[in-house]
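Written out below as C-alpha cells is the structure these notes cover.
None of the figures in this text is laboratory data; all of them are computed from the coordinates on show. All figures in this text were calculated on a predicted structure; none of them were measured in a lab. Here Cβ is always computed from backbone atoms with ideal geometry, including for glycine, and neighbour counts include all displayed protein chains.
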Amino acid sequence: MYKYLIRPVLFLFDPETVHHFSFNTIKLFSLLGLGGLFRKLFVVNDPRLEREVFGVKFKNPVGLAAGFDKDAKLYNEFSDFGFGFVEIGTVTPKPQPGNPKKRLFRLLDDQAIINRMGFNNKGVFDAVEQLKKKHRVIVGGNIGKNKVTPNEEALKDYLICFEALFEHVDYFVVNVSSPNTPGLRELQDKEPLTKLLKKLKNHNKKLAKSNQRKEKPILLKIAPDLTDDQLLDIIEIVADTKIDGVIATNTTIARNNLKSHLTLTEEMGGLSGKPLSHRSTEVIRFLSENSRKAFPIIGVGGIHSPEDALEKLDAGADLVQLYTGFIYEGPALIKKINKAILEKMA
C-alpha cells in the first residue's frame with residue numbers, strides 16, 4: 001500500500017516538506033491511539049530476534065539511523081513500526097538552522113537521496129527534554145559539533161553533548177563523518193580522532209562513577225569514502241581507545257554510476273540509498289575481517305530489501321539501520337527484514 005498509494009503522492013512534494021508532514025501525521029496517529037494498530041501490522045515479536053551488543057539488549061537488530069529523528073520527537077512512535085532501536089540526532093550543543101534550503105534531493109532513478117542538511121537541530125538541551133519521556137525502545141544519541149566551532153575546540157562540543165545526554169540514551173555515536181559540516185571529516189584523521197575518543201572515554205568513566213551508573217557504550221560513525229589504509233587506522237584507533245564499536249557507514253561524497261539527471265547528481269552533499277549499498281558492505285567486511293571481529297559493527301547504507309540487510313549481517317554487521325530505504329520502501333521493510341532473519345535462522 002505504501003509503495004503504490006502513499007509514496008507516489010508524497011513524492012509529488014518537496015522532500016523536506018514531506019518529512020515534516022510525515023512527522024506531524026505520525027504524531028497525530030499516535031494521539032488518536034493508532035499506535036497499537038501499527039504494532040499489529042509491523043512489529044515482529046520473537047525472542048530469537050533479540051541481540052545483546054556492546055552490553056545493550058536489543059529487541060531486534062533493525063534500527064532507525066540518525067538524521068531522521070534529529071530532535072528526539074518520535075522515538076517511541078517509531079518503535080510502533082517495528083524498529084528495535086532508534087538513533088536520535090545528530091545533536092549539537094547549540095541550536096542551529098543547518099545549511100540554506102533547498103538541501104534535500106530525491107534521485108528517483110537511483111533510489112537515493114542527496115542531503116546537505118548541516119546538522120540542523122534544536123540543540124542537545126531541547127533533545128534532553130524530549131528524552132525525559134519513558135522509553136519504549138533502545139535509544140542511541142548521535143553527537144556532533146556546531147558549525148561555528150573550530151576543529152581545535154570540537155572536543156568541548158562533544159563533551160557538552162555527551163554529558164547532557166548521559167542519563168537519557170542507551171549508547172552514544174560520535175559523528176565525525178558527515179560531509180555537510182565544513183572541516184568535520186578532518187577529525188577522522190588518526191591523531192585528532194584518537195585524542196577525541198580517549199577524552200570521551202575518560203569523561204564516560206567520570207560520569208558513570210559520579211552517577212553510580214555503568215559506562216555508556218561509545219561508537220564511531222565513519223565515512224564510506226575512507227581508503228583501506230584509513231580503515232586499518234580505524235581498527236587501530238578502536239583498539240587503542242577501547243571504544244565499543246563502529247557504525248559503517250555515513251553518506252558518501254562519491255557519485256559513481258548514477259542514472260539520475262546531472263542537475264541532481266551534481267548537487268553538493270552526502271549521497272545515501274541504493275548506490276551506497278555495495279560500498280558500505282565492503283567497509284563492513286573489511287573491518288570485520290581485518291580486525292578478526294574484534295568489535296561490534298552496525299551496518300547502514302543502501303538497505304532497501306531483506307536481502308540487503310542479510311548481506312550486511314553476513315559481512316560482519318551485528319545490527320543494521322535504515323534511513324533512505326525506509327523512505328522508499330515504507331515501514332513494511334522492517335517487518336520483512338526481521339522475518340527474513342528468522343527464516344534464515346530456521
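Name the residue, out of E191, E215, E163, whose mean-square fluctuation peaks in a Gaussian network model built on the chain with Cα pairs under 10 Å.
So, out of E191, E215, E163, the one fluctuating most is E191.
In 5 Å bins starting at zero, report the fraction of Cα pairs in the range 195-261 per bin as a rounded %.
For the range 195-261, the binned pair fractions read 3, 14, 19, 18, 14, 10, 8, 6, 3, 2, 1, 0 percent.
Pairs to check: K94/K132; K216/K339; K70/K156; K73/K221; K57/K344; K57/K101. Give those whose C-alpha atoms are more than 27 Å from each other in this structure. Write down the numbers at each step before the final one.
Details: K94/K132 19 Å; K216/K339 30 Å; K70/K156 20 Å; K73/K221 22 Å; K57/K344 21 Å; K57/K101 39 Å.
Checking Cα-Cα distances, K216/K339; K57/K101 exceed 27 Å.
Would you please name the GluC sites (Glu not before Pro) within the range 6-106 that are DSSP coil residues with at most 14 other C-beta atoms within 10 Å of their C-beta? Working shown, then result.
On the way: sites: E16, E50, E52, E77, E87; in loops: E50.
Answer in residue order: E50.
³J(HN,Hα) across the range 286-299 via Karplus (A = 6.51, B = -1.76, C = 1.60, θ = phi - 60°), whole Hz, x for Gly/Pro?
Calculated HN-Hα couplings, in order: 4, 5, 5, 6, 6, 9, 6, 6, 7, 8, x, 10, 9, x Hz.
Most mobile of G89, G302, G270 per a Gaussian network model of the chain (Cα springs, under 10 Å)?
For the chain, modelled as a Gaussian network with Cα springs under 10 Å, the answer is G270.
Bins of 20 Å, beginning at zero and ending with the bin holding the largest distance: percent of Cα pairs per bin for the range 2-345, please.
Per 20 Å bin, starting at 0, the Cα pair percentages come out as 32, 62, 5.
What is the sum of charges, Lys and Arg at +1 and Asp and Glu at -1, for the other residues whose Cβ falls under 15 Å from the Cβ of V148? Mind showing how you got there, number by number?
Details: positive: K94, K145, K147, K156; negative: E152, E153, D157.
Summing Lys and Arg as +1 and Asp and Glu as -1 gives +1.
Which of these, R106, R185, R213, has the largest mean-square fluctuation under a Gaussian network model of the chain (Cα springs below 10 Å)?
Its mean-square fluctuation being the largest, the pick is R213.
Express in whole angstrom the spacing between the alpha-carbon centres of the range 33-66 and the range 100-124.
What the calculation gives is 26 Å, centre to centre.
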